[in-house]
Structures are given as structure tokens and as C-alpha cells.
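Remarks on the structure that follows.
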Amino acid sequence: MNHYEAHIEKSEISTMPTVTFEGRIITIDTVKDTDIAIKALSTEKAIGIDTETRPSFRKGVQHDVSLIQLSTKDTCFLIRLNRVGIPDSLISLLENKDIAKIGLSLHDDRQALCKRRNFNAAGFVELQQLVKEYGIEEMSLQKIFAIIFKQRISKSQQLSNWENDVLTDRQKIYAATDAWSCLRIYNQLKQINE
């Protein structure tokens, strides 16, 4: 099995070329469109998953998860949970053991999603666990991505307001890149195994 570097320095990452998701980004804020998106995703074997929550700058104040990103290799759906909640179609995807949902710090994402609506998560693949089998000891998505691809993903929109009336293009690209890069890492590691 191919082993990667265990660690990487921030200074090394800063010299790498920046990469972002360049596929289609579809923002969804109705239950009907959520159902259509989930139908499209239901044919996939694996998808990247991530969530965004409006940051709170006050102690003790925590917002509900605002957005879930679900990405194939060329399309990312940004479902605005602050508008649609968690519809039945989304629950069925989150509970589907036959579709691998690849993410990072999934425990936190699952907890945040369950606060909105409870479900029995199935098919979730935690990258932080997976990369250990390849000798990578880093825990952050940016560092894992840099070790594997020698490219940098930007984290500049992390603390933006995910409940704005309209998401900016920069927010959309940031959110889509996170979910897509999880899938890309997973596919790369799977290829090595095969």
C-alpha cells in the first residue's frame, strides 16, 4: 500500500497552487428541488458531504446547521437547511447504507444535523480514520488534501454568514470545494488499493 507523508507544515502548503471545485454548483432552497437533487444523487456509489453553520461570535450562542453540501465529482448540491429543514428525501439519503458519504469530522456534522431532525446515519465514511491507513496523521482537510495532491484548498470563507439571503459565489465555491475534496481524497485512496 502507498504511504504518504504523515505531516505537513502550513508554510509548505502556502507555496502550493490553489485548487477549487470547477463543476456545476446548484443551490437549493425548496423541498421540491431537494427531492430532485436527492433523486439525482441516488444513483451514485459515493458522494462527498459537508455542512456549514453560521458562526456565532457570542459565548453560549450556537446556530443550527445552515447548509449541507453533497458532491459528485462534477456536481455539488448546496441544500439550504435554514430554508428547507431536513426533508424526508434527505433523510432517506443519510440513512442509505449503499451510498458512501465521505466527509471529515462527520461525528460533528451528524450531531448538528440530528439537532434539526433525528435520523440513523448509515454509509458514512470518516476520512480522518481512512487516511491513517495510508500513514497520514493530519486531521484537517486542507492538510490531508495538500499531502495527497500537492495542492491547496482555500479556507477563507469558513466564518462567513451561511444564512445570508443570497450566498455569494465565493461562499458557494468554498462550500462545494470542501465536499468535493472529501470525495476526491476518497477516490484517490481507493484507486491506490485497487
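What to note about this one:
- Shown here: Rg/Rh (Cα atoms, Kirkwood Rh), derived from the displayed model; of the candidates (i) 0.95; (ii) 1.01; (iii) 1.10, it corresponds to (i).
- Using a Gaussian network model of the chain in which every pair of alpha carbons under 10 angstrom is joined by a spring, one finds that among Arg80, Arg184, Arg170 the greatest mean-square fluctuation is at Arg170.
- Percentage relative contact order, the chain, counting C-alpha pairs under 8 Å, at least six apart: 33 percent
- When you filter the chymotrypsin sites (Phe, Trp or Tyr not before Pro) in segment 17-97 for DSSP loop state and at most 16 other Cβ atoms inside 10 Å of their Cβ, you are left with Phe57.
- The phi-based Karplus calculation (6.51 cos²θ - 1.76 cosθ + 1.60; θ = phi - 60°) puts the 3J(HN,Hα) values of segment 45-62 at 8, 8, 9, x, 9, 7, 9, 10, 10, 4, x, 10, 9, 10, 4, x, 9, 10 Hz, whole numbers, x for Gly and Pro.
- On full extension, the segment bounded by Lys155 and Glu194 gains 10.9 nm, given 0.36 nm per residue less the C-alpha separation.
- Per-pair calculated FRET efficiency, R0 = 25 Å: Lys73 and Thr15 via Cβ, rounded to 0.05: 0.40
- The label point for Arg58 and the one for Gln129, both projected 7 Å from the Cα toward the Cβ, are 3.8 nm apart.
- With Cα atoms, 0 to 90° folded angle of helix 169-193 axis to the chain main axis: 50 degrees
- Pairwise label distance in nanometres, Asn187 with Asp33, each label 7 Å out on the Cα-Cβ vector: 2.4 nm
- Charge dipole magnitude, Cβ of K and R +1, D and E -1 - the chain, Cα centre, debye nearest 20: 300 debye
- Ordering of 40-49, 101-110 by burial proxy (mean other Cβ atoms within 10 Å per residue, highest first): 101-110, 40-49
- In the chain, helices alone account for a calculated mean residue ellipticity at 222 nm of -11000 deg cm²/dmol, with every DSSP H run of four or more residues adding -39,500 (n - 2.57).
- Comparing Gln129, Gln62, Gln142 in a Gaussian network model of the chain where C-alpha atoms under 10 Å apart are linked, the largest mean-square fluctuation is found at Gln62.
- Length added when fully stretched, Ala6-Lys45, from 0.36 nm per residue minus Cα-Cα: 11.2 nm
- Residue among Leu67, Asn120, Gln188 farthest towards the positive dipole end of the chain, charges placed on Cβ: Leu67
- In this structure, the pairs whose alpha-carbon distance is over 20 Å, taken from Lys59/Lys155; Lys32/Lys97; Lys97/Lys190; Lys73/Lys190; Lys45/Lys97, are Lys59/Lys155; Lys32/Lys97.
Every read-out reported here was derived from the displayed coordinates using simple, explicitly stated rules and does not represent laboratory data. These figures come from a predicted structure and were not determined experimentally. Methodologically, a virtual Cβ is constructed for each residue, glycine included, from the backbone with ideal geometry; neighbour enumeration extends over all protein chains shown.
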